[in-house]
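In what follows, a structure is listed as structure tokens, so that the remarks can point back to it.
The values are calculated or read from the model by the stated rules, or taken from the named source; none is laboratory data. Just so we're clear, the structure is a prediction, and the values are computed from it rather than from any experiment. FYI the Cβ positions are ideal-geometry reconstructions off the backbone, even for glycines, and counts take in every protein chain you see. These accessible areas exclude ligands, DNA and RNA; they are computed on the full protein's heavy atoms, side chains included. Shrake-Rupley method; radii C 1.70, N 1.55, O 1.52, S 1.80 Å.
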Amino acid sequence: MQSYVIATLLGIVQGFTEFLPVSSTGHLIIFESFFGIAAADAVPFDVAVHLATVLAVIWYFRADWLHLIKSFTSRIDTRGRQLLLNIILGTIPAGIAGILFEDTITNTFRTSLAVAIGLIAGSALIAGAEYMRHRRNHDSGMILPYEGFIIGIFQALALFPGISRSGATISGGLLLGKTRVEATHYSFLLSTPIIIAASLKTIVARPEIVITGPNIFGFIAAFVSAIAAINLITKIAERSTLMPFVYYRLALAGAIIITLAL
């Protein structure tokens, strides 16, 4: 990491885009390419900012996680146990896909062009989900286990840069007829174990990773900006649609393609 300023900027980018449906990985690839940061040098920083974002979502939804933990010992809290089961089932597809394909996808698709393609594909998914949402009745009931698993399949798509984990999982919930608020809430909870697992996988694979001053700055910036992003998307889910993010994604994809063509 070249400087504290760049580390802070990239931390803000990671934290703010992790939970917005715009692809944090895609944005980091673009910024790392712009600043000339080698992929190997970016790995320790990526671990730091991803840990910051998962701590942010745990803190923001700490009441939910405490509820889920307490549901272990409660015989009457079937709703809490079902939500916990949903999260476990929803984590399986991305977990398996990550074990089997993450290294291949990272080595093959960590390019600006791949990000542009992913942004366009993810935009089509989000726009389609919003369109279908307006054409069907909304199910305000709790997400069922099989639905949690299906949304987990959508989460696995986020292995491809540009797709966006939150965009894919929220879209999956909308396509299943869930309200935008419920789909967004489940998306946040579902993201927690997979981000933790991905970070731990990298730490085990790279035990030589060390803590540096810039990484600490990036960690703090990512944590604060992630809290802000969670609060923002939560309010948007209550009042509006995800279409502004679709327009942004398409504009960014177009800018990348034009830049590459020049």
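Details
- Cross-chain or 6+ apart pairs with Cβ under 6 Å, the stretch 146-163 first and under 12 Å from ILE96 (Cβ atoms), then β-branched (Val, Ile, Thr) and open to solvent by less than 50 Å² (accessible area, probe 1.4 Å): GLN155/THR169; LEU159/ILE105
- Test: residue in the stretch 56-72 that is of a type in the set (Ser, Thr, Tyr), in contact with a Lys or Arg (Cβ under 9 Å, 6 or more places away or on another chain) and either at pLDDT below 85 or open to solvent by 80 Å² or more (accessible area, probe 1.4 Å) (or both): yes
- Those residues of the stretch 73-87 which are without any contact (Cβ under 8 Å) to a residue 12 or more places away in the chain and either part of a helix (DSSP H, G or I) or over 15 Å from MET142 (Cα atoms) (or both), in sequence order: THR73, SER74, ARG75, ILE76, THR78, ARG81
- Boolean, ILE256 is part of a helix (DSSP H, G or I), open to solvent by less than 80 Å² (accessible area, probe 1.4 Å) and over 21 Å from VAL115 (Cα atoms): no
- Test: residue in the stretch 124-140 that is within 24 Å of PHE245 (Cβ to Cβ) and of a type in the set (Val, Ile, Thr): yes
- Meets criteria (open to solvent by 60 Å² or more (accessible area, probe 1.4 Å) and either among the aromatic types (Phe, Trp, Tyr) or assigned to a helix (DSSP H, G or I) (or both)) for VAL115: no
- Scope the stretch 143-155; condition out of contact with any Lys or Arg (no Cβ under 8 Å at 6 or more places or on another chain) and either crowded, with 24+ Cβ neighbours inside 10 Å or assigned to a loop (DSSP other than H, G, I, E, B) (or both); matching residues: LEU144, GLY148, ILE151, GLY152, PHE154
- Residues in the stretch 177-199 that are under 14 Å from the mean Cα position of the chain (by Cα), open to solvent by less than 10 Å² (accessible area, probe 1.4 Å) and of a type outside the set (Gly, Ala, Ser): THR184, TYR186, PHE188, LEU189, LEU190, THR192, ILE195.
- Per the listing GLY148, GLY152, GLY141, the residue uniquely within 17 Å of GLY172 (Cβ to Cβ) and at pLDDT below 85 is GLY141.
- The residues of the stretch 1-31 that are under 18 Å from TYR247 (Cα atoms), in contact with a helix residue (DSSP H, G or I) (Cβ under 6 Å, 6 or more places away or on another chain) and of a type in the set (S, T, N, Q), listed by number, are THR17, SER24.
- Of note, LEU159 satisfies the criterion of being touching a Gly at 6+ places or on another chain (Cβ under 8 Å) and closer than 29 Å to LEU250 by Cα.
- When the residues of the stretch 1-32 are filtered to those that are in a loop (DSSP other than H, G, I, E, B) and among the aliphatic types (A, V, I, L, M), the one that is surrounded by the most Cβ atoms within 10 Å (Cβ to Cβ) is VAL22.
- Some residue of the stretch 81-92 being open to solvent by 60 Å² or more (accessible area, probe 1.4 Å), over 18 Å from ILE151 (Cβ atoms) and hydrophobic (A, V, I, L, M, F, W, C): no
- Filter result for ALA121 (under 17 Å from the mean Cα position of the chain (by Cα) and closer than 24 Å to ASN86 by Cβ): no
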